[in-house]
1. Looking only at segment 203-235, which residues are part of a strand (DSSP E or B) and surrounded by fewer than 17 Cβ atoms within 10 Å (Cβ to Cβ)?
2. I'd like the residue in segment 168-202 that is of a type in the set (Ser, Thr, Tyr) and either in a strand (DSSP E or B) or open to solvent by less than 10 Å² (accessible area, probe 1.4 Å) (or both) and, out of all such residues, is nearest to Phe243 (Cα to Cα).
3. State which residue is surrounded by the most Cβ atoms within 10 Å (Cβ to Cβ) when the search covers only segment 30-40 and only residues that are assigned to a loop (DSSP other than H, G, I, E, B) and at negative phi.
4. Going through Tyr96, Tyr137, Tyr77 one at a time, which residue ends up being under 30 Å from Thr181 (Cα atoms), of a type in the set (Ser, Thr, Tyr), assigned to a strand (DSSP E or B) and modelled with pLDDT of 90 or more?
5. Go through segment 41-70 and count every residue that is over 21 Å from Thr221 (Cα atoms) and either open to solvent by less than 60 Å² (accessible area, probe 1.4 Å) or outside any loop (DSSP other than H, G, I, E, B) (or both).
6. Where residues in segment 81-91 are polar (S, T, N, Q) and open to solvent by 70 Å² or more (accessible area, probe 1.4 Å), which of them is farthest from Ser36 (Cα to Cα)?
7. In segment 236-257, which residue that is out of contact with any Phe, Trp or Tyr (no Cβ under 7 Å at 6 or more places or on another chain) and open to solvent by less than 40 Å² (accessible area, probe 1.4 Å) is farthest from Gly180 (Cα to Cα)?
8. For segment 136-167, name all the residues that are within 26 Å of Phe74 (Cβ to Cβ) and surrounded by 15 or more Cβ atoms within 10 Å (Cβ to Cβ).
Amino acid sequence: MTDLGTVNKVAVNQAVNFSTTPALAIYAQVQQGYESVCDADVEAIITDEQGTKTTISLLDNGSGSDLMRADGVFSAYFLQFTSNGRYNVKVNVVGYELTETGNTIGIAKRNVTLEEEEAVPSFMRTASGGMFEVANYQPNAPDSIAPSRIHDLTYTCFSYHANSTISLTWTAVGDDLDQGTASRYELRYTTTFSVIQYNFTTAQIVSENQTVIGNLSSIATAGSTESITIKLPARRMDIVYYFAIRAWDEADNVGDKSNIASVSIRYIPDTTPPSEPTNIALIVGCSCALGVVLMAAVVAVAWWRNAKSSNEP
């Protein structure tokens, strides 16, 4: 095992006022040489004055306290306070690298080499994060912590036709910041950037009736990937849509508005020729109409013959 990795920096807020902000963000920057390490298991161990230890995983997934995915900075919020006083922080890191392993096996008298990728530990490191102090701790405090802000809302695909659909994806946040499971999402859209940027609640909200795939009320646990496909209003022109989302918890605490995802959709008229059933229906209609004309002609001829015979001596 090559011991090359380093925990370049561990940072925590130095003081926590539990009555106003009962949460603590812990960050660890992991590097190997001058390169950021993204594939690592990082955990923080927090110890209070009574010796009680709590272990949390630090993630580099662009969600919650982590602002950018795969930049080598791992982070998480700590919420499990037990009392006032000082807490010590220690961070353990196990880094990995992928190596190719060749296995030769015999199949039908032929030798086939299977190349596989295996993640093996490349380094282990422990670093101190110092300590922080908690004041105004209140046990069994009411829930005042909102879900985290969603950072990575993006679209994955959309349709060009008049009745458009669009698929969006993002990373789920928690009930309390990046922990637990939120209660519901509020997804809105508009065709005016200033509306979604400055007047989010006046933008059009996505209803359940617009949902094709997914559910805005069925929330995955924090850190999971969420996706949804929705129908957009019919239109006959090129258009740009702007989307943003935020999460709510069961106590009606709401997270901040997400980043804005935009998509420009070009209108392409539907030039598909009529389907076979439509053509058959038209042919049948014409045949019926022709039958009526022929019947009318036959009746007219019969009437003329009757009239002529009645006038003969």
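The values are calculated or read from the model by the stated rules, or taken from the named source; none is laboratory data. For clarity, every value in this text was computed on a predicted model and none was experimentally measured. Using ideal geometry, Cβ is built from the backbone for each residue, glycine included, and neighbour counts are taken over all protein chains shown. With ligands, DNA and RNA removed, areas are computed over all heavy atoms of the protein, side chains included. Shrake-Rupley method; radii C 1.70, N 1.55, O 1.52, S 1.80 Å.
1. Step one: list which residues in segment 203-235 are part of a strand (DSSP E or B), which gives 204-205, 211-213, 225-231.
Those that are part of a strand (DSSP E or B) and surrounded by fewer than 17 Cβ atoms within 10 Å (Cβ to Cβ): Gln204, Ile205, Thr211, Val212, Ile213, Thr225, Ser227, Lys231.
2. My answer is Tyr189.
3. Val37
4. Result: Tyr77 is the single residue among Tyr96, Tyr137, Tyr77 that is under 30 Å from Thr181 (Cα atoms), of a type in the set (Ser, Thr, Tyr), assigned to a strand (DSSP E or B) and modelled with pLDDT of 90 or more.
5. Restricting attention to segment 41-70, the residues satisfying the condition of being over 21 Å from Thr221 (Cα atoms) are 45-53.
Next, from what is left, pick out any that are either open to solvent by less than 60 Å² (accessible area, probe 1.4 Å) or outside any loop (DSSP other than H, G, I, E, B) (or both): 45-48, 51, 53.
Residues that pass the stated criteria total 6.
6. Result: Asn84.
7. Taking segment 236-257 as the starting set, the residues that turn out to be out of contact with any Phe, Trp or Tyr (no Cβ under 7 Å at 6 or more places or on another chain) are 239-240, 246, 248-253, 255-256.
Next, from what is left, pick out any that are open to solvent by less than 40 Å² (accessible area, probe 1.4 Å): 239, 249, 253, 255.
Numbers: Ile239: 38, Asp249: 10, Asn253: 14, Gly255: 14 Å.
Per the criteria, the residue is Ile239.
8. Ile145, Ala146, Pro147, Ser148, Arg149, Ile150, His151, Asp152, Leu153
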